[in-house]
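Asker: One structure is given below, represented as structure tokens, and several questions about it will come after.
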Amino acid sequence: VNEILFGLGLERRSGPALRLEQRAAGGVGCVVWDAALVLAKFLETGACPLARRHVLELGAGTGAVGIMAATLGANVTVTDLEELQELLMVNIENNKHLVTGSVRAKVLKWGEDVTEFQPPPDYILMADCIYYEESLEPLLKTLKDLTGPDTCVLCCYEQRTMGKNPVIERKYFELLQRDFELEKIPLDRHDEEYRSEDIHIVSIHRKRAVSPQNPGGFGFLGRDLKAPLIPPPAMGRDTFH
Ligand SMILES: C[S@@+](CC[C@H](N)C(=O)[O-])C[C@H]1O[C@@H](n2cnc3c(N)ncnc32)[C@H](O)[C@@H]1O
């Protein structure tokens, strides 16, 4: 059942392509989704400094995004359900000669205890993780449990118009905005080739508590950018809709 379906070569700006195995069967995580390609190639643009940064990928599937981050110098933990661990380890092994940071695979089921993943990482990466309703609350809990004030969550998703997808997407972003500030990364900041009008990357930070010293809370214009993980000029300033 778990025979190799086909390998995928994900080209890189410098050096050999990533070699990613996919599976014929085993659920949605067994293939590389377009959102993963877009996010992996966005990381290569250099918009986010990754060298020596602590990175956690949620719902990593094949590990394409996290492994790309590790080739850019990040120390990465790619996470997914138990059934994806073997595929993650195969892909880590296949690409270990390209990794300049580090990369390991771990089980992380959304909503469950995340103590072992503390302290909060510099980045959390998510590609195509918003797709079924029952996962929304657990996924949001995991994001809240894992993020610190300086954690940057990069969430890449394909906007789908079929079935319940638009409702799920809307609900996810509504719930998310209770605790987080969102900024859409403009399309012209994505990789020139690996971009698409219907695939979005959203940069997400925790809202800061409102205090006398910070009367605006974590509103975009009032944000303390003393250590931005994505330099503002490279980001664009679209508000998220
Ligand atoms: C559509 S796939 C995307 C895989 C990969 N990020 C990509 O874009 O190629 C969604 C991923 O989320 C994972 N996932 C779904 N529910 C999950 C849960 N409750 N906890 C952890 N991972 C989950 C799946 O196993 C799958 O790998």
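The values are calculated or read from the model by the stated rules, or taken from the named source; none is laboratory data. In this text the structure is predicted, and so the values were computed from the model without any measurement. Cβ: placed from backbone, ideal geometry, glycine included. Neighbour counts: every protein chain shown.
Asker: Taking only pairs six or more apart or across chains, which ones have beta-carbon atoms under 7 Å, a first residue in the stretch 49-73 that is within 21 Å of Pro119 (Cβ to Cβ), and a second residue that is in a loop (DSSP other than H, G, I, E, B) and of a type in the set (D, E, K, R)?
Answerer: Correct list of pairs: Arg53/Asp122; His54/Asp122; Val55/Asp122; Gly73/Arg52.
Asker: Counting only residues that are over 14 Å from Val32 (Cα atoms) and either surrounded by fewer than 11 Cβ atoms within 10 Å (Cβ to Cβ) or hydrophobic (A, V, I, L, M, F, W, C) (or both), which one in the stretch 1-12 is modelled with the lowest pLDDT?
Answerer: Val1
Asker: Among the numbered criteria (1) over 14 Å from Leu125 (Cβ atoms); (2) at pLDDT 95 or above, which one does Gly26 miss?
Answerer: (2)
Asker: Further question on the same structure: Would you pick out the residues in the stretch 146-163 that are in contact (Cβ under 8 Å) with a residue 60 or more places away in the chain and either among the aromatic types (Phe, Trp, Tyr) or not in a helix (DSSP H, G or I) (or both)?
Answerer: Asp150, Cys152, Leu154, Cys156, Tyr157, Glu158
Asker: Can you name the residue in the stretch 60-107 that is small (Gly, Ala, Ser) and out of contact with any helix residue (DSSP H, G or I) (no Cβ under 7 Å at 6 or more places or on another chain) and is also nearest to Met126 (Cα to Cα) among such residues?
Answerer: Gly66
Asker: Could you list all residues from the stretch 102-121 that are surrounded by fewer than 21 Cβ atoms within 10 Å (Cβ to Cβ), more than 15 Å from the ligand (Cβ to nearest atom) and in a loop (DSSP other than H, G, I, E, B)?
Answerer: The answer is Gln118, Pro119, Pro120.
Asker: Sticking with this one: Of Ile201, Ile130, which residue is within 14 Å of the ligand (Cβ to nearest atom), crowded, with 19+ Cβ neighbours inside 10 Å and part of a loop (DSSP other than H, G, I, E, B)?
Answerer: Only one candidate qualifies: Ile130.
Asker: Filter the stretch 136-188 for residues that are under 15 Å from Leu125 (Cβ atoms) and among the polar types (S, T, N, Q); which is surrounded by the most Cβ atoms within 10 Å (Cβ to Cβ)?
Answerer: Thr142
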